[in-house]
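Peer 1: Before I ask anything, let me first share the structure, which is written out below as structure tokens.
The values are calculated or read from the model by the stated rules, or taken from the named source; none is laboratory data. Remember, predicted model here, so these are calculated numbers, not experimental data. Here the Cβ positions follow ideal geometry from the backbone for every residue, glycine too, while neighbour counts run over all protein chains shown. Calculation scope for accessible area: heavy atoms of the full protein, side chains included, ligands and nucleic acids excluded. Shrake-Rupley method; radii C 1.70, N 1.55, O 1.52, S 1.80 Å.
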Amino acid sequence: MSFSIESRIQIDNFDLEQLNQRFDTAHPREILAWCVEHILEGLVQTSAFNVDDMIITDIFYRDLERPVPVIFLDTLHHFPQSLELVAKAKEIYNLDLRIYKTPEVETREAFAAKYGADLWDKDIEKFHHLTKIEPLQRGLDDLNAVAWITGRRRDQAVTRAYMPVFEIDAQQRLKVNPLASWTRKDSWNYVFQHGVIYNPLHDQGYPSIGDEPITTPVAEGEDERAGRWRGTGKTECGIHI
């Protein structure tokens, strides 16, 4: 991991408390516009191409016309519909798409041969380290990321209820959550108003979409992320911890 001296000074000079007070309930566009104005280099979006991620991409590419690099983690275990959306979004927005995955494996079968079948059942922490945590950090390092944008909202889970808009991650990068104050309804209102493309699985009982083997539909009244890692007690894959 490396930052330029200028970038490090720039991040250190940000007053996070003041920024969070100013933007706590601001529209995501205002937050992203601030990022575009003040972070001239090293601004990156990380995206799983869930509906909230697509909103951020739409604001960056269509509204603000700032083609920031978009990191997508190809875990090799995505739903086909998710991969189809990635390809469609790349074409529509002409995305600066950067795909990262577990080194030295190209298919789900090769992953199973190297690390064992159904690794998510046997060692979910190792599975997430191999498919998400290490590839993400490698991507952020490769891009010399100073700040990265996530699609998290406070109402998605109790673990996110007090999430700030601006925070510093474990590697001392600025981490920005522009949709923090939005609700699920706010997100879908934006999607329908602006014609944003989205994963058809969202219409089939999957409000939050992860890897196919460990993502299930969510019943009415359940938490939005209840279908992720069902029965394991997990609430995060490790990227945001």
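Peer 1: Enumerate the helices (runs of 4 or more DSSP H) found wholly within the range 16-117, keeping only those where 1 or more residues are of a type outside the set (Gly, Ala, Ser) and more than 20 Å from Val165 (Cβ to Cβ).
Peer 2: Here the list reads 80-93, 108-115.
Peer 1: For the range 154-179, give me each residue that is in a strand (DSSP E or B) and either out of contact with any helix residue (DSSP H, G or I) (no Cβ under 9 Å at 6 or more places or on another chain) or under 15 Å from Arg22 (Cα atoms) (or both).
Peer 2: Within the range 154-179, Phe166, Glu167, Lys175, Val176 meet the criteria.
Peer 1: For the range 193-212, give me the residue count where each residue is open to solvent by 50 Å² or more (accessible area, probe 1.4 Å) and outside any loop (DSSP other than H, G, I, E, B).
Peer 2: Final tally of qualifying residues: 6.
Peer 1: Out of (1) closer than 17 Å to Ile55 by Cβ; (2) surrounded by fewer than 19 Cβ atoms within 10 Å (Cβ to Cβ); (3) of a type outside the set (D, E, K, R), the odd one out for Ile149 is which?
Peer 2: Every listed condition holds for Ile149 apart from (2).
Peer 1: Going by the conditions given, is Trp182 part of a strand (DSSP E or B), closer than 24 Å to Pro69 by Cα and touching a residue at least 60 places away in the same chain (Cβ under 8 Å)?
Peer 2: No, not satisfied.
Peer 1: Quick one: what pairs do we get from the range 74-102, first residue more than 25 Å from Ala112 (Cα to Cα), second of a type in the set (D, E, K, R), C-beta under 8 Å, 6+ apart or different chains?
Peer 2: Going by the 8 Å Cβ cut-off, the qualifying pairs are Tyr93/Asp58; Tyr93/Arg62; Leu97/Lys90.
Peer 1: I need the full set of residues from the range 117-157 which are free of Cβ contacts under 8 Å to residues at least 24 places away in the same chain and of a type in the set (A, V, I, L, M), in order please.
Peer 2: Hits for the range 117-157 are Ala117, Leu119.
Peer 1: Turning to a different aspect of this structure: Scan the range 17-39 for residues that are open to solvent by 40 Å² or more (accessible area, probe 1.4 Å) and within 13 Å of Leu174 (Cβ to Cβ) and report the count.
Peer 2: Of the residues in that region, 1 qualify.
Peer 1: Among (1) on the phi > 0 side of the Ramachandran plot; (2) of a type outside the set (Phe, Trp, Tyr); (3) at pLDDT below 95, there is one condition Leu76 misses while meeting the rest; what is its number?
Peer 2: Failing condition for Leu76: (3).
Peer 1: Same structure, new question: Go through the range 56-74 and give me each residue that's surrounded by fewer than 22 Cβ atoms within 10 Å (Cβ to Cβ) and touching an Asp or Glu at 6+ places or on another chain (Cβ under 7 Å).
Peer 2: Passing the criteria: Pro67, Pro69.
Peer 1: Need the failing condition index for Ser187 against (1) in a helix (DSSP H, G or I); (2) modelled with pLDDT of 95 or more; (3) open to solvent by 10 Å² or more (accessible area, probe 1.4 Å), just the number.
Peer 2: (3)
Peer 1: So His129 ticks every box in (1) closer than 23 Å to Arg29 by Cβ; (2) at pLDDT 95 or above; (3) open to solvent by 70 Å² or more (accessible area, probe 1.4 Å) but one. Which box is left unticked?
Peer 2: Every condition holds for His129 apart from (1).
Peer 1: Select from the range 155-166 the residues that are at pLDDT below 95, within 26 Å of Asp15 (Cα to Cα) and open to solvent by less than 50 Å² (accessible area, probe 1.4 Å) and list them in ascending order.
Peer 2: Result: Arg160, Ala161, Met163.
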